Amino acid sequence: MAALSSRPFRVAVVGAGISGLSAAHRLKELAPHAEVSLFDLKERPGGVLNTLIQDGFEIEESADNFITTVPWGVSLCQRLGLGDDLVTTTPKHRQTFVVWRNRLHKLPDGFMMMAPTQWWPMATTRLLSPWGKLRAGLEIFVPRRDSEEDESLEAFAVRRLGREAYERLIEPLVSGVYAADMSRLSLLATLPRFREMEREYGSLIRAMRKNRQKQKSSTASVQSGPRYSLFVTVRGGLKRLTEALMEKVGREAFHGKTSVEALSPTEQGWRLVLREEEGKTRREEVFDAVILATPSHVAAQLFETAGRKAVSKPLGEIEHTGTVILNVAYRREQIGHPLDGMGAVVPAAEKSPLLALSFSNEKYPHRAPEGYTLFRVFTGGARNPEMLEKSDEEVTAILLEKIRPLVKISGEPVMTTLSRWKNTMPQYHLGHLDRVAKIETELEHCSTLGLAGNAFAGVGIPQCVHSGEQAAEKIWQAFQKNKHEPPSALFNG
């Protein structure tokens, strides 16, 4: 392999979603003269992130915002010059509803995913029976579990707070994020802080009380830079984020409608077998380094072609599910509900095809013209996989019929759009951390190959950004240290 000083190094990024774009962008930040090539099956970069501007509506086809409790999303936007365009959620509407018996009920104030921080809202909520409230309150007396073994989210929540609180509060909130089967979802891979609370304080309630006391006594009023609410989005749509990344990387770097059929190590680098324009053109190309930012099952197939079953096997064990998102608009006078919140989540116990309902322009007013209301309706996931097999017309009719009584809709919608995302949501099932550890162990000595995406350490936009940037930094560090190990040597045996 040529010395670093003799020429720029060439890097292939397979997958041009937010993870791949972030990897390519970070490489260009670190090494402006690097030759980066982005390959994707789709005609456009961005993956599932896409914004439609239609008749004055700003329609997000997948994720519509991202969390700020981790820094990577906000930091990227600031570096791209989008910091001043970050929009916070509407303060007066920062509350959530839960569907119970086909009606919307306010989620108790201070309920944080799996634990209450305030008791009066829990005592007065109609979502729990008197026994359910008592059982949740008895959590403070439940013995801590000292085992180091993983535990399903359902098992943990029922053990600590009881089945009623789990079914009516916890399950719908978590399912709205992971679209998963809670009896298989790994606690340690998704919400490990709650296990840490149990270990440190012996009780989630006790932990929440201690944390509130710390917050009250803290004088952390000094904060550099802008302050954001828990969730933010980009004015004009999240497509602006992916477009800004593509502009920084360079449009000429993107190769759409191109599949990568095989990956193989050679003495010169990594050989990719590429097929362009829906199978019309097949060619091979060698790169100094490769970042795979594809769904894990696609990466597994490529490692299989490279003869590395020790990596492909745990990658292939990460299951995926899909979702369908309906964006639907009405005139405001067609809605009888005050819409005094950001949306609603739906428990599995409701046996509804709905996963969640978002009041899109109540969260971010700029998303609909004056006098109109825009909803985002979610279905599918591990709970309702059959919804992805139905026609657009069937799905739209089913979902419209289900949301009609919840928000008291009269008449027909003025606009609908439907987006399907098959096999895009990884399922962090029990044993997920062990699978990821095996993958990382197998690749830790391979300095010119990186993995990125939502299948490993978080499904949100910031986590995807971070995974892409970490993969880029790993490769750049290897080149800085002049570690040009031939991939073929690393992959023998």
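The values are calculated or read from the model by the stated rules, or taken from the named source; none is laboratory data. Here the structure is a predicted model, which means the values were calculated and not measured. Using ideal geometry, Cβ is built from the backbone for each residue, glycine included, and neighbour counts are taken over all protein chains shown. Note: accessible area is taken over every heavy atom of the protein model, side chains too, but ligands, DNA and RNA are not part of it. Shrake-Rupley method; radii C 1.70, N 1.55, O 1.52, S 1.80 Å.
Yes or no, residue by residue, for (1) among the β-branched types (Val, Ile, Thr); (2) in contact with an Asp or Glu (Cβ under 8 Å, 6 or more places away or on another chain); (3) farther than 14 Å from ILE325 by Cβ:
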| site | (1), (2), (3) |
| --- | --- |
| ARG376 | no, yes, no |
| LEU388 | no, no, no |
| ARG404 | no, no, yes |
| VAL407 | yes, no, yes |
| GLN427 | no, yes, yes |
| ILE439 | yes, no, yes |
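Name the single residue that is modelled with the lowest pLDDT among those in the stretch 251-271 being open to solvent by less than 10 Å² (accessible area, probe 1.4 Å) and within 22 Å of LEU30 (Cα to Cα).
Here the answer is GLY269.
Using beta carbons and a limit of 7 Å, which pairs, at least six apart or on different chains, have the first residue in the stretch 101-124 and in contact (Cβ under 8 Å) with a residue 60 or more places away in the chain and the second one assigned to a strand (DSSP E or B) and among the hydrophobic types (A, V, I, L, M, F, W, C)?
LEU104/PHE97; LEU104/ALA344; LYS106/PHE97; LEU107/PHE97; LEU107/VAL98
Kindly list, by first and then second residue, each pair from a residue in the stretch 37-53 that is closer than 14 Å to LEU272 by Cβ and in contact (Cβ under 8 Å) with a residue 60 or more places away in the chain to a residue that is open to solvent by less than 20 Å² (accessible area, probe 1.4 Å) and of a type in the set (Phe, Trp, Tyr), limited to pairs with Cβ atoms under 9 Å and residues at least 6 apart or on different chains.
Correct list of pairs: SER37/PHE287.
Show me the strands (runs of 3 or more DSSP E) entirely contained within the stretch 272-373 in which 2 or more residues are in contact with a Lys or Arg (Cβ under 8 Å, 6 or more places away or on another chain) and open to solvent by 20 Å² or more (accessible area, probe 1.4 Å). First the steps, then the outcome.
Details: elements: 281-287, 289-292, 320-331, 343-345, 354-359.
Qualifying strands (runs of 3 or more DSSP E): 281-287.
Suppose we keep only residues that are in contact with a Ser or Thr (Cβ under 7 Å, 6 or more places away or on another chain) and farther than 15 Å from GLY162 by Cβ within the stretch 138-152. Which one would you say is modelled with the lowest pLDDT?
Filtering the stretch 138-152 for residues that are in contact with a Ser or Thr (Cβ under 7 Å, 6 or more places away or on another chain) and farther than 15 Å from GLY162 by Cβ, the one modelled with the lowest pLDDT comes out as ASP150.
Within the stretch 144-205, which helices (runs of 4 or more DSSP H) (wholly inside it) include 3 or more residues that are among the basic types (Lys, Arg)? Full working, then the answer.
Numbers: elements: 153-161, 171-178, 187-190, 192-201.
Qualifying helices (runs of 4 or more DSSP H): 192-201.
Which one of these is over 19 Å from TRP100 (Cβ atoms) and touching a Phe, Trp or Tyr at 6+ places or on another chain (Cβ under 8 Å): ALA356, ALA306?
On the way: ALA356 fails: over 19 Å from TRP100 (Cβ atoms).
Matching residue, one of ALA356, ALA306: ALA306.
Only one residue in GLU444, GLU389, GLU393 is closer than 24 Å to SER183 by Cβ and free of Cβ contacts under 8 Å to residues at least 12 places away in the same chain, so which one is that? Spell out how you get there, then give the answer.
On the way: GLU444 fails: closer than 24 Å to SER183 by Cβ; GLU393 fails: closer than 24 Å to SER183 by Cβ.
Just one listed residue meets the conditions, GLU389.
When residues of the stretch 96-130 are filtered for being under 30 Å from the mean Cα position of the chain (by Cα) and aromatic (Phe, Trp, Tyr), how many remain?
Within the stretch 96-130, residues that are under 30 Å from the mean Cα position of the chain (by Cα) and aromatic (Phe, Trp, Tyr) number 3.
Can we say HIS25 is crowded, with 17+ Cβ neighbours inside 10 Å and touching a residue at least 12 places away in the same chain (Cβ under 8 Å)?
Details: crowded, with 17+ Cβ neighbours inside 10 Å: yes; touching a residue at least 12 places away in the same chain (Cβ under 8 Å): yes.
Criteria met by HIS25.
Could you check, for the stretch 385-404, whether at least one of its residues is within 30 Å of VAL232 (Cα to Cα) and not in a helix (DSSP H, G or I)?
no
Consider the stretch 28-46. How many of its residues are at pLDDT 95 or above and open to solvent by less than 10 Å² (accessible area, probe 1.4 Å)?
Looking only at that region, the number is 3.
Are any residues in the stretch 396-419 free of Cβ contacts under 8 Å to residues at least 12 places away in the same chain and not acidic (Asp, Glu), and if so, which ones?
Listed by number, the residues that qualify are ALA397, ARG404.
Of the conditions (1) closer than 22 Å to TRP100 by Cβ; (2) open to solvent by less than 40 Å² (accessible area, probe 1.4 Å); (3) not hydrophobic (A, V, I, L, M, F, W, C), GLU151 fails just one. Which one is it?
Condition not satisfied by GLU151: (1).
Which of the residues belonging to the stretch 428-452 are exposed (fewer than 15 other Cβ atoms within 10 Å of the Cβ) and not charged (D, E, K, R)?
ALA437, THR441, HIS445 - these are the residues of the stretch 428-452 that are exposed (fewer than 15 other Cβ atoms within 10 Å of the Cβ) and not charged (D, E, K, R).
Could you list, in sequence order, the residues of the stretch 108-117 that are surrounded by fewer than 20 Cβ atoms within 10 Å (Cβ to Cβ) and at pLDDT 85 or above? Walk me through how you get there before you give the answer.
Going through the stretch 108-117, the residues surrounded by fewer than 20 Cβ atoms within 10 Å (Cβ to Cβ) turn out to be 109-110, 112-113, 117.
Residue satisfying the conditions is ASP109 alone.
Given the residues LEU161, LEU153, which is the only one that is under 22 Å from VAL346 (Cβ atoms), in contact with a strand residue (DSSP E or B) (Cβ under 7 Å, 6 or more places away or on another chain), free of Cβ contacts under 8 Å to residues at least 60 places away in the same chain and not polar (S, T, N, Q)?
On the way: LEU161 fails: in contact with a strand residue (DSSP E or B) (Cβ under 7 Å, 6 or more places away or on another chain).
Exactly one of LEU161, LEU153 is under 22 Å from VAL346 (Cβ atoms), in contact with a strand residue (DSSP E or B) (Cβ under 7 Å, 6 or more places away or on another chain), free of Cβ contacts under 8 Å to residues at least 60 places away in the same chain and not polar (S, T, N, Q), namely LEU153.
MET425 is checked against (1) surrounded by fewer than 22 Cβ atoms within 10 Å (Cβ to Cβ); (2) part of a strand (DSSP E or B) and fails just one. What number does that condition carry?
With respect to (1) surrounded by fewer than 22 Cβ atoms within 10 Å (Cβ to Cβ); (2) part of a strand (DSSP E or B), MET425 is out only on (1).
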